[in-house]
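The values are calculated or read from the model by the stated rules, or taken from the named source; none is laboratory data. This is a predicted model, so every value here is computed, not measured. As a convention, Cβ positions derive from the backbone with ideal geometry for all residues, glycine included, and neighbour counts pool all protein chains shown. Areas reflect the complete protein model, heavy atoms only, side chains present, ligands, DNA and RNA absent. Shrake-Rupley method; radii C 1.70, N 1.55, O 1.52, S 1.80 Å.
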Amino acid sequence: MIQKVGKMSAVHNLRNIFLLHNSFRNSKHVVSMLHCSAQKYVNTVTYAPKYTSSRRKVAYLKELYRRKLEVGPDEVKHPSAFGCWNHASEVYAFGKRLGEEFDEQKLAQAFIQKSFVESEKEKQKNLGLLLDVNVEDNTKLAHEGRILASDFVKAYLRYSYPHLFEEGICAIHDFLMSHSTLFHVASNLGVRDLIQSPTYPPSEEDYITTLMAVIGALTHSDLSAANNDHDVTNTKKGLSRAELFVLDFLVPQLIGRDVMEMWELANPMGLLVGLLRARGLGQPEPRMLWDAAKNTIMPVYNVGIYVDKKLIGKSPGETAAIAEEMAARDTLRNLLGMSNSRSPLQLGDQARHLQLDYRLRNASVQEVTSV
Amino acid sequence: MGSSTIPSTFLKNIAQNGIGRHVCQLQRLTLSLCKSHPSSAAARKFVEDDLLDFTKGNPGIVFYVKPRRHRAPVLTAEFLNGYKEMIDLTRCTKEEIAQWIGLMRGRSGVQIMRIRKDWHTDTPSIQGMWNPFMFKDTKLNVTDKMDKSLSEYISKYKSASQKLIEMKKLQKQQKELEQPLKESTRVIQEKKKAASH
């Protein structure tokens, strides 16, 4: 449709204002303003004068903006509300982005929350429909995924830290499977818009359930021989795709973190004594190595722990007692192979062909201290 | 305006991306353009020529083409961490649009800010951070500060006696090397014990 330039710009201006006003009408402000005179107000503004001067236009827009700020921010809407959303494509892209071949039906199921299914059933009940909601939610997948992730993380940690006590392994595992860690991983995977839940944005629990369900969906999608090997006696087999997923996304959250700090040790000296006795070594001898500024408010004491006349661990501290406890911790760290200079975790390409023993259990503190 | 007032950040890697596997951080691109207005001509050309190649090569990025009448062409990029950026493509050529899309594809979802340091490490020290006691002998702890040994003269050069002692040691070592391999001292001692019993 060809129009003259002058006329078109006027129409253009009118349409812009009309369109802008549409968004204004959708805001909460108008809802609160809707009394009998409001309608008249709205109507008069819709039919703005044909040739609006820029001063009036600017003033009008400024006033609109001020009122919008007064009302507060718009509610966060799902992208489908803006007309640009294709759920099937998004789910497909999600799988491809992660570099995985998912079973489509299982992956789609992984995003459906239980609360969503229930709300859909409620809606249908309210509408009086007799149709059955035949979609399965992701609780079962999430359960499977969580078990797999948990087992794999423990096996991997036992492989990486063979001398660390079982309690330490469990503490690191609890950190990795904690709410905050899982939510951090899930929120950076791009599941926010894919999650089907009655509220948007979805809750943190929804994110975590979805992440576990994705892992669960991956167990069903894996068609490689490793996963289908039902030989129970073969405890050492290659990693399945779901386990590689956990290895690539969850385990790297340990990077940059002190894993010994995750384990709450109440009595490090007591444990050290027990450990040395179990290993048939001599008793620990704490000795003051260096100290400085003893008579001031900021003294520093360096205590070293000697075992069979060899220095195993040392640490500074504000008082001699603190330094001794910290030195006991340092000694434990060195004896359990957890010193800061240990070789790093095997991740990425190095870990592709790991063979983990799932039956393995590390020594427990009880075993060592009860001797 | 200075560096303290303009926001800045340290170098970040979102959720350790790349350690295990690399995940493209771009979630979706939305190209909104007008079907008739000349400002969208380049965008329309891009959709005709290069779009399918891009989508084939990047199955993990969802591409929406959104026709909007009488509006400027805009590229909206949404990232996995929720960050959203919009680029106005009014004066861009087809190649420039492709470049913008390439930029979005390669970015992480971190907002572009002044980066304070070009590097980041979780392990700044392997052997342990230096502390004033690191290379000090522990006998300093039990040495009185008025001790004579602390005020001994430490010469830069070796004295004649020291040189003679070292020469003797070197001779002894060379003699041991020249001799044929002997049984170890422990074996000799054990033989002696056995002989004496």
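State yes or no: is B:His37 facing another protein chain (nearest Cβ under 10 Å) and open to solvent by 10 Å² or more (accessible area, probe 1.4 Å)? Steps first, answer last, please.
Details: facing another protein chain (nearest Cβ under 10 Å): no; open to solvent by 10 Å² or more (accessible area, probe 1.4 Å): yes.
Here the answer is no, as B:His37 does not meet what is asked.
Identify the single condition in (1) open to solvent by less than 80 Å² (accessible area, probe 1.4 Å); (2) modelled with pLDDT of 90 or more; (3) closer than 30 Å to A:Gly317 by Cα that B:Ser125 does not satisfy, given that it satisfies every other one.
(2) is the only condition that B:Ser125 fails.
Let's see how each residue does on (1) of a type in the set (S, T, N, Q); (2) at pLDDT below 90; (3) touching a Pro at 6+ places or on another chain (Cβ under 9 Å):
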{"residue": "B:Ile112", "(1), (2), (3)": "no, no, no"}
{"residue": "B:Asp118", "(1), (2), (3)": "no, no, no"}
{"residue": "B:Thr121", "(1), (2), (3)": "yes, no, no"}
{"residue": "B:Met134", "(1), (2), (3)": "no, no, no"}
{"residue": "B:Pro180", "(1), (2), (3)": "no, yes, no"}
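Could you tell me whether A:Glu144 is in contact with a Ser or Thr (Cβ under 7 Å, 6 or more places away or on another chain), within 13 Å of another protein chain (Cβ to nearest Cβ), open to solvent by 30 Å² or more (accessible area, probe 1.4 Å) and not aliphatic (A, V, I, L, M)?
Numbers: in contact with a Ser or Thr (Cβ under 7 Å, 6 or more places away or on another chain): yes; within 13 Å of another protein chain (Cβ to nearest Cβ): no; open to solvent by 30 Å² or more (accessible area, probe 1.4 Å): yes; not aliphatic (A, V, I, L, M): yes.
So A:Glu144 fails the test.
Within the bounds of region A:276-287, is there any residue that is farther than 27 Å from B:Val142 by Cα and open to solvent by less than 20 Å² (accessible area, probe 1.4 Å)?
Going residue by residue through region A:276-287, those that are farther than 27 Å from B:Val142 by Cα are A:276-281.
Subset that is open to solvent by less than 20 Å² (accessible area, probe 1.4 Å): A:276.
Yes, because at least one residue in region A:276-287 is farther than 27 Å from B:Val142 by Cα and open to solvent by less than 20 Å² (accessible area, probe 1.4 Å).
Is it true that some residue in region B:147-157 is within 14 Å of another protein chain (Cβ to nearest Cβ), acidic (Asp, Glu) and free of Cβ contacts under 8 Å to residues at least 40 places away in the same chain? It would help to see each step written out before you state the result.
Of region B:147-157, the ones within 14 Å of another protein chain (Cβ to nearest Cβ) are none.
Checked against the condition, which is being within 14 Å of another protein chain (Cβ to nearest Cβ), acidic (Asp, Glu) and free of Cβ contacts under 8 Å to residues at least 40 places away in the same chain, region B:147-157 yields no hits at all.
Restricting the search to region A:337-371, which residues are hydrophobic (A, V, I, L, M, F, W, C) and either closer than 14 Å to A:Ala278 by Cα or free of Cβ contacts under 8 Å to residues at least 24 places away in the same chain (or both)? Show your work before the answer.
Here is the first cut: in region A:337-371, the residues hydrophobic (A, V, I, L, M, F, W, C) are A:338, A:345, A:347, A:351, A:354, A:356, A:360, A:363, A:365, A:368, A:371.
Across region A:337-371, the qualifying residues are A:Ala363, A:Val365, A:Val368, A:Val371.
What are the pairs with Cβ atoms under 7 angstrom where one residue, in region B:129-142, is of a type in the set (A, V, I, L, M) and the other, located anywhere, is surrounded by 10 or more Cβ atoms within 10 Å (Cβ to Cβ)? Sequence gap at least six, or different chains.
Cβ pairs passing all conditions: B:Leu140/A:Trp290.
Looking for something at pLDDT 50 or above, within 14 Å of chain B (Cβ to nearest Cβ) and open to solvent by 90 Å² or more (accessible area, probe 1.4 Å) - is there at least one such residue anywhere in region A:41-48?
no
Quick one: would you say A:Ile322 is among the β-branched types (Val, Ile, Thr) and open to solvent by 40 Å² or more (accessible area, probe 1.4 Å)? Explain how you work it out, then say what you get.
Details: among the β-branched types (Val, Ile, Thr): yes; open to solvent by 40 Å² or more (accessible area, probe 1.4 Å): yes.
So A:Ile322 passes the test.
Just give me the residues in region A:251-270 being open to solvent by 20 Å² or more (accessible area, probe 1.4 Å), β-branched (Val, Ile, Thr) and not in a loop (DSSP other than H, G, I, E, B), in sequence order.
none
Taking A:Leu281 as meeting all but one of (1) out of contact with any strand residue (DSSP E or B) (no Cβ under 7 Å at 6 or more places or on another chain); (2) free of Cβ contacts under 8 Å to residues at least 60 places away in the same chain, write down the number of the exception.
(1)
Regarding A:Asn302, is this residue within 13 Å of another protein chain (Cβ to nearest Cβ) and farther than 24 Å from A:Gly168 by Cα?
Values: within 13 Å of another protein chain (Cβ to nearest Cβ): yes; farther than 24 Å from A:Gly168 by Cα: yes.
Yes.
Does region A:78-86 contain any residue that is more than 13 Å from every other protein chain (Cβ to nearest Cβ) and either open to solvent by 50 Å² or more (accessible area, probe 1.4 Å) or under 22 Å from the mean Cα position of the chain (by Cα) (or both)? Reasoning before the result, please.
Initial filter on region A:78-86 (more than 13 Å from every other protein chain (Cβ to nearest Cβ)): A:81.
Next, only the ones that are either open to solvent by 50 Å² or more (accessible area, probe 1.4 Å) or under 22 Å from the mean Cα position of the chain (by Cα) (or both) stay: A:81.
Among the residues of region A:78-86, at least one is more than 13 Å from every other protein chain (Cβ to nearest Cβ) and either open to solvent by 50 Å² or more (accessible area, probe 1.4 Å) or under 22 Å from the mean Cα position of the chain (by Cα) (or both), which makes the answer yes.
Inspect all residues belonging to region B:48-58 and state whether any of them is closer than 15 Å to B:Phe79 by Cα and open to solvent by less than 60 Å² (accessible area, probe 1.4 Å). Give the derivation first.
From region B:48-58, those closer than 15 Å to B:Phe79 by Cα are B:58; that's our starting set.
Filter once more, keeping what is open to solvent by less than 60 Å² (accessible area, probe 1.4 Å): B:58.
Yes, because at least one residue in region B:48-58 is closer than 15 Å to B:Phe79 by Cα and open to solvent by less than 60 Å² (accessible area, probe 1.4 Å).
Please list, ordered by first then second residue, the pairs with beta carbon atoms under 7 Å, 6 or more apart or interchain, first in region B:16-31 and facing chain A (nearest Cβ under 7 Å), second among the aromatic types (Phe, Trp, Tyr).
These pairs meet every condition: B:Gly20/A:Phe249; B:Gln27/B:Phe79; B:Thr30/B:Tyr64.
If I go through region A:56-77 residue by residue, how many of them are part of a loop (DSSP other than H, G, I, E, B) and either surrounded by 11 or more Cβ atoms within 10 Å (Cβ to Cβ) or more than 14 Å from chain B (Cβ to nearest Cβ) (or both)? Break it down stepwise before answering.
We begin by selecting, within region A:56-77, every residue part of a loop (DSSP other than H, G, I, E, B); these are A:72-77.
When the remaining residues are screened for being either surrounded by 11 or more Cβ atoms within 10 Å (Cβ to Cβ) or more than 14 Å from chain B (Cβ to nearest Cβ) (or both), the result is A:72-75.
Qualifying residue count, region A:56-77: 4.
Would you confirm whether any residue within region B:139-146 is away from chain A (no Cβ under 14 Å) and open to solvent by 100 Å² or more (accessible area, probe 1.4 Å)?
Among the residues of region B:139-146, at least one is away from chain A (no Cβ under 14 Å) and open to solvent by 100 Å² or more (accessible area, probe 1.4 Å), which makes the answer yes.
Please determine, by comparing only the residues of region B:147-197 that are under 29 Å from B:Lys136 (Cα atoms) and acidic (Asp, Glu), which one is most open to solvent (accessible area, probe 1.4 Å).
Going through the qualifying residues, I end up with B:Glu152.
Does A:Gln350 satisfy being loosely packed, with under 13 Cβ neighbours inside 10 Å, of a type outside the set (Lys, Arg) and within 13 Å of chain B (Cβ to nearest Cβ)?
Yes.
Condition check: open to solvent by less than 30 Å² (accessible area, probe 1.4 Å) and closer than 30 Å to A:Pro252 by Cβ. Does B:Leu31 satisfy that?
Values: open to solvent by less than 30 Å² (accessible area, probe 1.4 Å): yes; closer than 30 Å to A:Pro252 by Cβ: no.
Here the answer is no, as B:Leu31 does not meet what is asked.
State all residues of region B:65-93 that are without any contact (Cβ under 8 Å) to a residue 24 or more places away in the chain and of a type in the set (Val, Ile, Thr); if no residue qualifies, say none.
Correct list: B:Ile87 only.
Would you confirm whether any residue within region B:82-94 is open to solvent by less than 90 Å² (accessible area, probe 1.4 Å) and within 10 Å of chain A (Cβ to nearest Cβ)?
Yes - at least one qualifying residue is present in region B:82-94.
The rows are residues; the columns are (1) surrounded by fewer than 16 Cβ atoms within 10 Å (Cβ to Cβ); (2) closer than 30 Å to A:Ser80 by Cβ; (3) within 14 Å of chain B (Cβ to nearest Cβ).
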residue: A:Asn138; (1), (2), (3): no, yes, no
residue: A:Glu166; (1), (2), (3): no, no, no
residue: A:Ser197; (1), (2), (3): no, yes, no
residue: A:Glu205; (1), (2), (3): yes, yes, no
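Since A:Arg257 meets every condition but one in (1) over 39 Å from the mean Cα position of the chain (by Cα); (2) within 11 Å of chain B (Cβ to nearest Cβ); (3) among the charged types (D, E, K, R), which condition does it not meet?
Status for A:Arg257: all satisfied but (1).
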